[in-house]
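The values are calculated or read from the model by the stated rules, or taken from the named source; none is laboratory data. This structure is a prediction, so every number in the text was calculated from the model and none was measured. Here the Cβ positions follow ideal geometry from the backbone for every residue, glycine too, while neighbour counts run over all protein chains shown. What goes into the accessible areas is simple: the full protein's heavy atoms, side chains included, and nothing from ligands, DNA or RNA. Shrake-Rupley method; radii C 1.70, N 1.55, O 1.52, S 1.80 Å.
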Amino acid sequence: MKIVFTHAYFLEQDPKETVIMKPYPPLGILYLSAWLEKFGIENEVFDSTFSNPDKQRQYLLENQPDILAIYTNLMSKIQVGQLLHFIRNQPNLAKILVVIGGPDVSHNIENYLALGADIVVIGEGEQTIEIAQTWKMGFIHNLDTWTDLLLGMMLAPLFKQIPG
Ligand code: B12
């Protein structure tokens with residue numbers, strides 16, 4: 001199960017910040033990555049800050065994650081939309097489960113779902129990312145019924161014990 005965390009803030013697209021030059025680490029996805037690692041669940045972080053959209057897309061085509069977990073805020077939402085559009089129009093990325101989180105989702109749930117996100121997470125994402133993994137492993141079949149969600153919440157902690 002390949003899980004990749006990313007965002008869509010590119011320093012090269014932020015002329016102000018290239019002058020100030022105090023870019024910051026994407027804390028939200030780093031917390032989630034550390035959370036999964038704590039339970040032996042391997043994952044990668046593609047930090048887009050010092051990269052560009054083409055390199056990010058090439059990385060996805062080469063690495064083919066099972067789950068792509070994306071941070072979005074009002075500053076990067078356009079680039080996130082473009083990334084989603086790219087993924088949903090790439091036949092060989094069709095099987096990716098896209099999970100979106102961060103401060104901008106709570107006000108734009110329908111938009112992110114319409115852009116092709118599978119799961120939109122409001123608030124802290126630690127538990128949801130575990131459930132997403134349980135789902136992708138095929139132990140629950142969908143997430144639109146309460147019973148499945150409850151099952152996912154019960155099963156997810158079990159999978160923390162199973163390394164890798
Ligand atoms: C610290 C902070 C900053 C720091 C940097 C934070 C960082 N390193 O990530 C600095 C000062 C650099 C900053 C800058 C800006 N910020 Co600011 N910032 C905050 C603040 C106060 C705390 C965020 C934080 O670090 N939390 C700790 C981390 C661990 O939590 P988190 O990021 O929320 O992540 C958790 C969840 O969101 C979720 N999650 C996050 N990502 C993902 C991804 C997935 C897939 C999933 C499932 C879950 C998930 O799970 C995470 C772990 O529990 C928030 C307000 C708040 N209380 O949240 C505003 C806030 C996020 N910032 C905001 C804004 C507007 C900005 C600026 C655009 C301001 C500006 N005009 O320049 C810039 C954006 C710069 C940019 N390039 O993106 C807004 C965002 C609003 C929106 N709709 O997007 C907020 C909400 C403040 C507000 N109320 O307006 N910010």
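For a straight C-alpha distance cut-off of 19 angstrom, the aspartates and glutamates reachable from residue 38 (same-chain residues fewer than eight places away being disregarded) are 124, 126, 130. Rounded if a/c is under 1.5, else prolate if a/b beats b/c, else oblate: with a ≥ b ≥ c from the C-alpha gyration tensor eigenvalues square-rooted, which is region 17-110? Rounded, because the longest to shortest axis ratio a/c is under 1.5. Coupling constants for region 64-74 follow from the phi torsions by the Karplus curve (6.51 cos²θ - 1.76 cosθ + 1.60, θ = phi - 60°), and in residue order they are 6, x, 7, 10, 10, 10, 10, 8, 9, 9, 5 Hz; glycine and proline get x.
Remark: accessible surface ordering of 107, 85 (largest first) is 107, 85, probe radius 1.4 Å. Nearest 0.05, what FRET efficiency do residue 18 and residue 107 give at R0 = 35 Å with Cβ-Cβ as r? With R0 = 35 Å, the Cβ-Cβ based efficiency is 0.75. Farthest towards the positive end of the charge dipole of region 3-158, among the residues 18, 3, 69, is the Cα of 18, using unit charges on the Cβ of Lys, Arg, Asp and Glu.
Accessible surface for residue 62 stands near 130 Å², nearest 10, in the context of the full protein assembly shown (1.4 Å probe).
Legend: residues 55, 22, 77, sorted from most to least accessible area (1.4 Å probe; ligands, DNA and RNA excluded), read 22, 55, 77.
Take every pair of alpha-carbon atoms less than 8 Å apart whose residues are at least six positions apart; their mean separation over the length of region 3-158 yields a relative contact order of 22 percent.
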